[in-house]
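Encoded as structure tokens, the structure appears first; notes follow it.
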Amino acid sequence: MKLSVAEQTEQDWPDAWSVLAPAFRAGESYPLPRNVSEADAKKYWIKADGYNAVARDVSGGIVGVYYLRPDQGGPGDHICNAGYVIAEAVRGKGYAVALCRHSQEQALTMGFRGMKFNLVVVSNEAAIAAWQKAGMAIIGTVPRAFRHPRLGLVGAHIWAWLVLI
């Protein structure tokens, strides 16, 4: 799998939105209204204190996006939070694992010492498998924490990856 990952630029937003919109509209993995506007989605996805990346395959087509940002402020700002979306057409090809590993390297470069995912829906089996392959660990599960559009109230895992340096 040949993958080019780079920091997202303003010019990349339309491509990023083309990946994000279907995931947000499905309502199965992100805590956003299914009818979130593009402007509000952009505010959610891009933060001034964060880092955003786009991943492209050999043809130049976008296959995924991710963000990194401090999970907390002050004394907790050495742990980042991350979010990922893989384009629907290329899911199941290992891109999520590759992006997570890339984001872990980027997090270290940025001075973070760990990563936490605050909400991974228990029904998102592909994400669960990918994050385990990337070295993340479930540290807890919040029962009935997510209103899934098909399954009703389902749990959400909290994950962590810590670098002991």
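Summary table
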quantity	calculated
Ellipticity estimate at 222 nm from DSSP helix runs (n ≥ 4, -39,500 (n - 2.57)) divided over the chain, nearest 500	-8500 deg cm²/dmol
Over the chain, relative contact order from alpha-carbon pairs under 8 Å, at least 6 apart, %	18
Two-decimal ratio, the chain, of alpha-carbon radius of gyration to 2.2 N^0.38 Å	0.99
Exposure proxy order (Cβ contacts within 10 Å, fewest to most) of HIS157, HIS148, HIS78	HIS78, HIS148, HIS157
Nearby lysines by direct alpha-carbon distance to LYS116 (threshold 24 angstrom, same-chain neighbours under 8 apart not counted)	LYS42, LYS43, LYS47, LYS93, LYS133
Ranked packing of 50-57, 14-21, most packed first, by mean Cβ within 10 Å	50-57, 14-21
Order of ILE86, ILE62, ILE138 - criterion: other Cβ atoms within 10 Å of each residue's Cβ, fewest first	ILE138, ILE62, ILE86
Trypsin sites (Lys or Arg not before Pro) restricted to DSSP loop in segment 72-165 with at most 12 other C-beta within 10 Å	ARG150
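Taken together, the values in this text are just the output of simple stated rules run on the coordinates, not laboratory data. Just so it is clear, the structure is predicted and the values come from calculations on it, not from any experiment. Don't worry about glycine lacking a Cβ; one is built from the backbone with ideal geometry, like all the others, and counts go over all protein chains shown.
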